[in-house]
Number of protein chains: 4
Amino acid sequence: MLIAVIGVAEAIPQEAAYAEAVGRLIAEGGHTLICGGRGGVMAAACRGAVEGGGITVGILPGDSPDGANPWVTVPIATGLGEARNAIITRAAGALIAIGTGWGTLSEIALAVKMGKPVVALGSAPFLADFAAGAVIWAESPDDAVRQAIAAGG
Amino acid sequence: MLIAVIGVAEAIPQEAAYAEAVGRLIAEGGHTLICGGRGGVMAAACRGAVEGGGITVGILPGDSPDGANPWVTVPIATGLGEARNAIITRAAGALIAIGTGWGTLSEIALAVKMGKPVVALGSAPFLADFAAGAVIWAESPDDAVRQAIAAGG
Amino acid sequence: MLIAVIGVAEAIPQEAAYAEAVGRLIAEGGHTLICGGRGGVMAAACRGAVEGGGITVGILPGDSPDGANPWVTVPIATGLGEARNAIITRAAGALIAIGTGWGTLSEIALAVKMGKPVVALGSAPFLADFAAGAVIWAESPDDAVRQAIAAGG
Amino acid sequence: MLIAVIGVAEAIPQEAAYAEAVGRLIAEGGHTLICGGRGGVMAAACRGAVEGGGITVGILPGDSPDGANPWVTVPIATGLGEARNAIITRAAGALIAIGTGWGTLSEIALAVKMGKPVVALGSAPFLADFAAGAVIWAESPDDAVRQAIAAGG
């Protein structure tokens, strides 16, 4: 299964630590990581997945694979700009959101609209208010990956 | 200028009334309405714009113009599914959100990410919490259109 | 019906004359012109349609409506790059190809693949060889528009 | 490097044999195969790449990975329909076309338009006429892969 990790390009240390652990667990579980291919949460998740021996797919907004972070093993330059967010959500069997920015929020909303399971880890309290019932809350990276696999399988 | 009206496909009466008034004011101001081309808020806004003598562009998710509401004068069948949301936000000079659903939320988030002005009218309180500073709040249809034109011009 | 006019951004005089006549006839027939919104064949077709009192939709590759030719009345900035070609062919009820470049060829091929009628006017002989049976050949702008309306209606 | 193999969904035996050999050589050279993920040329190329120990990326038109052929190891369901062709050409460093159908032709045209090297193997003679100078001609699968790597590197 493809599991997406979505999150901001400028991550705080805890978000990066969460993302790296999540990426590693995805790979160790035999799943493929898909993400936006850039920095922050995306880079940390890719690094973790590579450390775990996995494949990492980066769905990039620009025209060239050069914009990918160094741990993307399959860089897909789409040339679609922000519209590429809908491809990440469409391709994923489940999504794990770490932190919250506007791009991340657009992906959460698209995923829920598409009927995909979304697991939130360490996200802002406001998200809990409006996404109650639509988003699955996780307590730890291990819990997030376990719930994503269960919901998307 | 193209002004997008975004909102749910199943609108409550007040949302539909707001949308129709907003559509009419966009047309009367000499602007072009762009939306997702479906029902609810989108249909009401298109009906208002047509009553106001304007053009209405519907960016449709499916493969055929048949899915457009009857007041879409320029139906653009994209075949892109939910990815068409990013085209609405990219093409618009400003957006007016009426009510809130997941599709609408994805468009608000994409628009803010793209640096487009977003005006919210009659939206849920939770939106006010997280979108403070990124979204302009309007008190009435007239206020919403005036602020969208000012911000997008 | 939306009728697409597709062709190169650098048109020779006869191609531009054909395109302007085709655009005018589309508008005079009460149809809406859709195109890539740029120069050459696209600009000439839009100019003709505006002279004929019609609406012209430009599906632009870039992020801004600024790249549209001056006769586009509804500029749709998609931010999708070349992927926007598939939107032109998907949205059109029929297409008229004038001249041949690589972008035009991609649109002809996508349109045939989608089952859309394609009318060729003044196109290169090689196109006649491989497109026989899939593309309708026109002798004049009037013939091209008449056949596009008949096939797409 | 990502190397795309493009071709029809219903391949004749020679096209399938070419595609399988090309896929195997791409994988053995340490490159990643990208394609439309469906049958015919695409399935044969994926089978060859998997036999060669490689990764195969399928950029699918539909909403689900279920439409992928059995040798796609990374299925990307885009939900974009034919517009996904532009993603294959954008993401690839070089393309190898085997046989010719309308979908393949759209990808060749988009690739040339984007400035990507296109190598043709066993394609119809008409293609040679109009693509002379824009497309590289190969005599064998080995020649095709060697030229694709040289041109795209």
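Any lysines with Cα under 17 Å of the A:K113 Cα? List them, leaving off those in the same chain fewer than 8 positions away.
Correct list for A:K113: empty, as no lysines qualify.
Give the shape of the range C:67-153 as rounded, prolate or oblate, defined through the alpha-carbon gyration tensor: a ≥ b ≥ c are the square roots of its eigenvalues, a/c under 1.5 means rounded, and otherwise the shape is prolate if a/b is larger than b/c and oblate if not.
Numbers: a/c = 1.65, a/b = 1.45, b/c = 1.14.
Prolate, since a/c reaches 1.5 and a/b exceeds b/c.
Return the percentage of antiparallel bridges among DSSP beta bridges fully within the range D:1-139, rounded to the nearest 5 %.
Values: 0 of 23 bridges.
Among the beta bridges of the range D:1-139, antiparallel pairing accounts for roughly 0 percent.
Taking springs between alpha-carbon atoms closer than 10 angstrom, which of C:A27, C:A19, C:A132 fluctuates most in the Gaussian network model of chain C?
Among C:A27, C:A19, C:A132, the largest mean-square fluctuation in the Gaussian network model of chain C belongs to C:A132.
Give me D for the range B:37-106 in µm² s⁻¹, whole number, from Stokes-Einstein with Rh from the Kirkwood sum over alpha-carbon pairs, 37 °C and 0.692 mPa s. Don't jump to the answer; show the numbers that get you there.
Details: Rh = 12.4 Å.
Taking Rh from Cα pairs, D becomes 266 µm²/s.
From Cα coordinates alone, what are the radius of gyration and Dmax values for the protein assembly as shown in angstrom?
24.1, 70
First obtain the Kirkwood hydrodynamic radius of the range D:10-57 from its Cα pairs, then insert it into the Stokes-Einstein equation at 25 °C and 0.890 mPa s, and state the resulting D in µm² per second as a whole number. Mind showing how you got there, number by number?
Values: Rh = 9.9 Å.
Taking Rh from Cα pairs, D becomes 249 µm²/s.
Counting alpha carbon pairs within less than 8 Å and at least 6 residues apart, what relative contact order, in whole percent, applies to chain D? Don't skip to the answer; put the middle values down first.
Values: 379 pairs, mean separation 36.7, N = 153.
Result for chain D is 24 percent.
When the convex hull of the Cα atoms of the range A:92-139 is projected onto a plane and the area is averaged over all directions, what value comes out in nm²? Can you show the working numbers first?
Details: hull surface 12.1 nm².
With the hull built on Cα positions only, its mean projection is 3.0 nm².
Distances over 25 Å make up what percent of all Cα-Cα pairs in the range A:4-153?
Pairs farther apart than 25 Å: 16 percent.
Axis carrying B onto D: which residue of B has the nearest Cβ, and how far, whole Å?
Taking Cβ atoms only, the nearest residue and its distance are B:L80, 3.
7 Å along Cα→Cβ for the label point: how many nanometres lie between A:D142 and each equivalent label in the other copies, listed shortest first?
Copy-to-copy label distances at A:D142, shortest first: 5.4, 6.2, 8.1 nm.
Laboratory data are not the source of any read-out in this text; all were calculated from the coordinates shown. Here the structure is a predicted model, which is why all the values come from computation and not from measurement. No Cβ is skipped: glycine too gets one built from the backbone with ideal geometry, and neighbour counts run over all protein chains shown.
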